[in-house]
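Beneath this line is the structure, given in structure tokens, with notes to follow.
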Ligand code: TXA
Ligand code: MG
């Protein structure tokens, strides 16, 4: 691998927490590690600073950002009310991979909330993120630190690939432990609504607050592949990716058959699987994202595996599917998005 450079086009890579905190206070853009994925931070109170995030990422301006805080007291400056369910979830899961949607009180820049009357807030648990946020003392708006549409960055190197030359600083904290983004929950209604599955599972949320509804958008994405509701391309590798569903044997047989067909057509084929099955396939590239026997490892390795296919130049990618309970629900949500809704049901395709 190429040696990391200390700076290119004004991006300082080897900065410390102090320097990164000063940069945030000065309205600069700093990428930093969190336990989920790397974030691209700016002072959430400055419209000018936040707008630079959208530019650097190439992100549509109608997609609101999450505000990160390092101390519980900062929440009171951001939101007008904290419902009981929100209080319970904070007690249980902060600091950690949970974002709460709450009514804001007009203290963050309009570009953060995309004009909504709510704001997403989270307190990350990564020690470097917490130290940075506490040192900076300002609320920090931070989406994932990738170019819009690409898989989220779980290592400093991924941020470098996507954003060198477009941001001011990059704080390196090693690989992210969770590997998928925070769970987003709207607590403005009586029954909390899950908007995005993430590092905290639906089961854990229900255990804390009882009933949790699932946003209709999540069902729509799963049931109506490639629907217009799936507004933006997300987490997607460059190659055409297909998620293959079905009983284990059907799924594996179908993946191999599709890979063989595509290879015969001259395509450069990648298969996304787990450690346990690496030897069961033949294609140009067979890549593991973790161990099926340890779902957290799959969440942790997923985005790096998707990026690897891009590096290798795969133009057709077949991905195994997983169960839908616990953290698998999050993994499957990201795989569906990466595949832009392209799903093949193994048995149907076998009989056709
Ligand atoms: O783990 C994470 O959450 C990472 C790290 C850096 O903290 N951040 C992240 O940010 O994933 P981003 O911008 O990639 O995703 C923010 C999500 C989007 O789905 C956005 O639509 C939603 O949060 N969101 C933000 N504010 C919202 C609001 N007021 N109402 C509804 N959804 C909101
Ligand atoms: Mg993102």
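The values are calculated or read from the model by the stated rules, or taken from the named source; none is laboratory data. The shown structure was predicted, so the numbers you read here are calculated from the model rather than taken from an experiment. Every residue, glycine as well, gets a Cβ built from its backbone with ideal geometry; the counts of neighbours run over all protein chains shown.
Among the residues of the range 114-128 satisfying the criterion of being farther than 15 Å from residue 41 by Cα and surrounded by fewer than 24 Cβ atoms within 10 Å (Cβ to Cβ), which is farthest from ligand 1 (Cβ to nearest atom)?
It comes out as 127.
Report whether or not residue 95 is in contact with a helix residue (DSSP H, G or I) (Cβ under 8 Å, 6 or more places away or on another chain), over 19 Å from residue 49 (Cβ atoms), within 15 Å of ligand 2 (Cβ to nearest atom) and at pLDDT 95 or above.
In short, no.
Restricting attention to the range 15-43, which residues are buried (at least 24 other Cβ atoms within 10 Å of the Cβ) and within 11 Å of ligand 1 (Cβ to nearest atom)?
31, 32, 33, 34, 36, 37, 38, 39, 40, 41
Test residue 314 against the criterion of being in contact with a strand residue (DSSP E or B) (Cβ under 7 Å, 6 or more places away or on another chain) and more than 27 Å from residue 148 (Cα to Cα), and give yes or no.
no
Among the residues of the range 331-343, is any closer than 29 Å to residue 194 by Cβ and over 18 Å from the mean Cα position of the chain (by Cα)?
yes
Go through the range 47-61 residue by residue and tally those that are more than 18 Å from the chain's Cα centre (by Cα) and either crowded, with 17+ Cβ neighbours inside 10 Å or over 21 Å from residue 30 (Cβ atoms) (or both).
Counting residues in the range 47-61 that are more than 18 Å from the chain's Cα centre (by Cα) and either crowded, with 17+ Cβ neighbours inside 10 Å or over 21 Å from residue 30 (Cβ atoms) (or both) gives 3.
Please work out which residue is farthest from residue 300 (Cα to Cα), limiting yourself to the range 1-22 and to residues that are touching a helix residue (DSSP H, G or I) at 6+ places or on another chain (Cβ under 9 Å) and at pLDDT 95 or above.
My answer is 22.
On the basis of being more than 16 Å from ligand 2 (Cβ to nearest atom) and without any contact (Cβ under 8 Å) to a residue 24 or more places away in the chain, does residue 200 make the cut?
Values: more than 16 Å from ligand 2 (Cβ to nearest atom): yes; without any contact (Cβ under 8 Å) to a residue 24 or more places away in the chain: no.
The answer is no for residue 200.
Checking the structure you have, find out if any residue of the range 195-203 is in contact with a strand residue (DSSP E or B) (Cβ under 6 Å, 6 or more places away or on another chain), buried (at least 18 other Cβ atoms within 10 Å of the Cβ) and over 21 Å from residue 299 (Cβ atoms).
Looking through the range 195-203, none of the residues is in contact with a strand residue (DSSP E or B) (Cβ under 6 Å, 6 or more places away or on another chain), buried (at least 18 other Cβ atoms within 10 Å of the Cβ) and over 21 Å from residue 299 (Cβ atoms).
List, please: which pairs have Cβ atoms under 7 Å, are six or more places apart or on different chains, and start with a residue in the range 288-316 that is under 14 Å from residue 237 (Cα atoms) and end with one that is surrounded by fewer than 18 Cβ atoms within 10 Å (Cβ to Cβ) and modelled with pLDDT under 95?
Going by the 7 Å Cβ cut-off, the qualifying pairs are 310/238.
If you take the residues in the range 148-166 that are under 22 Å from residue 109 (Cβ atoms) and within 15 Å of ligand 2 (Cβ to nearest atom), which one is surrounded by the most Cβ atoms within 10 Å (Cβ to Cβ)?
For the range 148-166, the residue satisfying everything is 163.
Would you be able to say whether some residue in the range 75-84 is over 22 Å from residue 205 (Cα atoms), in contact (Cβ under 8 Å) with a residue 60 or more places away in the chain and either more than 10 Å from ligand 1 (Cβ to nearest atom) or under 17 Å from the mean Cα position of the chain (by Cα) (or both)?
Looking through the range 75-84, at least one residue is over 22 Å from residue 205 (Cα atoms), in contact (Cβ under 8 Å) with a residue 60 or more places away in the chain and either more than 10 Å from ligand 1 (Cβ to nearest atom) or under 17 Å from the mean Cα position of the chain (by Cα) (or both).
Pull up the range 275-287, narrow it to residues that are free of Cβ contacts under 8 Å to residues at least 40 places away in the same chain and part of a helix (DSSP H, G or I), then point me to the one that is surrounded by the most Cβ atoms within 10 Å (Cβ to Cβ).
Our first condition is that a residue be free of Cβ contacts under 8 Å to residues at least 40 places away in the same chain; within the range 275-287, this holds for 275-276, 278-287.
Now restrict to residues that are part of a helix (DSSP H, G or I): 275-276, 278-280.
Values: 275: 16, 276: 12, 278: 12, 279: 9, 280: 12.
Looking at the filtered set, the residue picked out is 275.
Among the listed residues 258, 272, which satisfies the condition of being buried (at least 17 other Cβ atoms within 10 Å of the Cβ), in a helix (DSSP H, G or I) and on the phi < 0 side of the Ramachandran plot?
Only one candidate qualifies: 258.
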